[in-house]
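Here's the structure we're looking at; comments come further down.
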Amino acid sequence: MTKAVNAGWKLDSDDKACYIEVDENENETVDRSDENDSNNDDPDHCWTQWSNLPDHILERIFSHLTIKERYYASLTCSGWYRAFYLPHVWSNFLVEDATLGRMRYNYYSGWQPVLDHARLQSCLLSVGHLIRGLDFRPQVSFNNMFQFMSLISWAMEQNARTAGCPREWVGCGSRIRSLNYLFPCNMAMSEDPESIKLFGTGGQLLAALKRLMLCLTNLHSLSLVDLILERYEANHLLDEVLESCCLVLRRLCLVNVTNVHCPIMHIGLFLNLQVLVVSPQNIDDDVLMLLADSKVKHLTLLQNRYTPPALAISPCSAKAWLTVRRDNPKLRVHLCVESTTNAVILLQPEAPVASMIYQTPKTMITSDQLVAAVDAYKYTLTVYGHEQLPATTAEAVGDGEFQERPDSLLLLLARSCPGLNALMVRECISTATILLIATSAQNLRHLYINRAQVRLGCDWPRSPDWTDEFYGWLQSAAESIEATEQEVSRILDHPYWHLLSEEQFQMASLTRHVAV
């Protein structure tokens, strides 16, 4: 007569079976099950409801996970398995070196990620029809990017065949509306963060990118950053895009297509383009003439750390900008610089500039730059400021004489620009300067001040235009941080306005005030 026992394999750390453990104490098993039943019946036992989250919340949670994390999360319960296939989860597909790859040993470079074609094919067959955006950010393995682009392009070409598409590939890539490609052009191996050794893309990788762009017939947003092409390659970069989505493209970002002056005429031929981001070396008067007759509403001239210095670039002529202002009066120009060095913005004479944003930790306010900006854009400027804090304490602007600080320059900006709506200041200024800026700027609503650089007191010489009452109010309100915050809150009609800590200042951004 056989006897039923409870038994199971015992596994080691490598998930290998070692031996079978037999539990002959049936009573103990029953007792354990009874204990579990008692836990289930316990009225004070709290059960989590993560499996019952609404779909719109699950979509947002899953969209922040990597592909591997999404897969593991889908194995927990049926609700999360269903969430794995919700459309918003795949609104953006990030492709990096290790995406859908496996590690392979290289004799010269050690272990390197290699694209796993079986996993990529399985992924595209499962969710390829849900992908709405592709974001390529290669680091080292350019071959992985090339193979990924080639396979997804082939899948979309199958859908475009007149003879019919294999059933399993139907709809793959048909919902893609945005494409972002950031090329790591800096190949410097030095540990110095400021060292730059530029290499542009091209060859088969550029051909694969152009093939992919030709397949995307419903592309609404395209971003190509730091390609650093030769002139003959840059002149034909957008041929396929113009052929496939001339009427549907709404947003185009071309940053450093070349490292030298090379106007890209194609950007003025997209009939429904509304937002254009381009480097100043890739536009000229002829491009502006095309934009004057277009529907572009926002033109951002972006300079990053790989853009040639402002002194090496020629701005567009004032005559061309006046033509743009006449034929396209709704166009707003935004000047922005992103760099780790002491970079300055290239000013465009007579341009309808609405914002000037510095994202450079080493660039400080100087009289030449600010006075020139005020003279050129005082009737159109609405946003101005330096976003990033100095990289080191030694680079920060500390306590100095009043004449050495930018207090008077900032007040000149506030008084001269009636449309100024947002201002960000990280330099050392006094509380009296903050109060004067708030009272002088007519339409100022958003004021960001770095609290660590604020100095108490009124060190302004009395102006003949100030009454005794106003000067007394200025001195009393500038004596403390609390009084200054209270008065600025009243002037700006912002009850919760306050000076920002360094952490809060780092998180603040002026770009949200730019309607792009």
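The values are calculated or read from the model by the stated rules, or taken from the named source; none is laboratory data. This structure is a prediction, so every number in the text was calculated from the model and none was measured. We place every Cβ from the backbone using ideal geometry, glycine too, and count neighbours over all the protein chains shown. Accessible surface areas use protein heavy atoms only, side chains included; no ligands, DNA or RNA. Shrake-Rupley method; radii C 1.70, N 1.55, O 1.52, S 1.80 Å.
Given region 148-260, what helices (runs of 4 or more DSSP H) lie entirely inside it while holding 3 or more residues that are open to solvent by less than 20 Å² (accessible area, probe 1.4 Å)?
Hits in region 148-260: 203-215.
Could you please let me know if residue 337 is in contact (Cβ under 8 Å) with a residue 12 or more places away in the chain, open to solvent by less than 10 Å² (accessible area, probe 1.4 Å) and within 26 Å of residue 506 (Cα to Cα)?
Criteria met by residue 337.
For residues that are hydrophobic (A, V, I, L, M, F, W, C) and in a loop (DSSP other than H, G, I, E, B), scanning just region 470-499, find the one that is nearest to residue 424 (Cα to Cα).
Of all residues in region 470-499, those hydrophobic (A, V, I, L, M, F, W, C) come to 470, 473-474, 477-478, 481, 483, 488, 491-492, 497, 499.
Now narrow it down to the ones that are in a loop (DSSP other than H, G, I, E, B): 478, 497, 499.
Numbers: 478: 19, 497: 13, 499: 11 Å.
Of everything passing the filter in region 470-499, 499 is nearest to residue 424 (Cα to Cα).
Quick test for you: out of 312, 292, pick the one residue that is without any contact (Cβ under 8 Å) to a residue 12 or more places away in the chain and either open to solvent by less than 10 Å² (accessible area, probe 1.4 Å) or closer than 25 Å to residue 185 by Cβ (or both).
312
For (1) modelled with pLDDT under 90; (2) of a type in the set (Ser, Thr, Tyr); (3) part of a helix (DSSP H, G or I), each residue gets a yes or a no:
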{"site": "375", "(1), (2), (3)": "no, no, yes"}
{"site": "385", "(1), (2), (3)": "no, no, no"}
{"site": "394", "(1), (2), (3)": "yes, no, yes"}
{"site": "434", "(1), (2), (3)": "no, no, yes"}
{"site": "449", "(1), (2), (3)": "no, no, no"}
{"site": "459", "(1), (2), (3)": "yes, no, no"}
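So, in region 353-382, exactly how many residues are more than 22 Å from the chain's Cα centre (by Cα), open to solvent by 10 Å² or more (accessible area, probe 1.4 Å) and either charged (D, E, K, R) or farther than 15 Å from residue 406 by Cβ (or both)?
Count: 6.
Can you go through 282, 304 and tell me which one is touching a residue at least 24 places away in the same chain (Cβ under 8 Å), on the phi < 0 side of the Ramachandran plot and either more than 20 Å from the chain's Cα centre (by Cα) or surrounded by 21 or more Cβ atoms within 10 Å (Cβ to Cβ) (or both)?
Details: 304 fails: either more than 20 Å from the chain's Cα centre (by Cα) or surrounded by 21 or more Cβ atoms within 10 Å (Cβ to Cβ) (or both).
Unique residue meeting the criteria: 282.
Taking residue 463, is it hydroxyl-bearing (Ser, Thr, Tyr), assigned to a loop (DSSP other than H, G, I, E, B) and either in contact with a helix residue (DSSP H, G or I) (Cβ under 9 Å, 6 or more places away or on another chain) or open to solvent by 60 Å² or more (accessible area, probe 1.4 Å) (or both)?
Considered against the rule, which asks whether it is hydroxyl-bearing (Ser, Thr, Tyr), assigned to a loop (DSSP other than H, G, I, E, B) and either in contact with a helix residue (DSSP H, G or I) (Cβ under 9 Å, 6 or more places away or on another chain) or open to solvent by 60 Å² or more (accessible area, probe 1.4 Å) (or both), residue 463 comes out as yes.
Could you list, in sequence order, all residues of region 351-394 that are among the charged types (D, E, K, R) and in contact with a Leu (Cβ under 7 Å, 6 or more places away or on another chain)?
387
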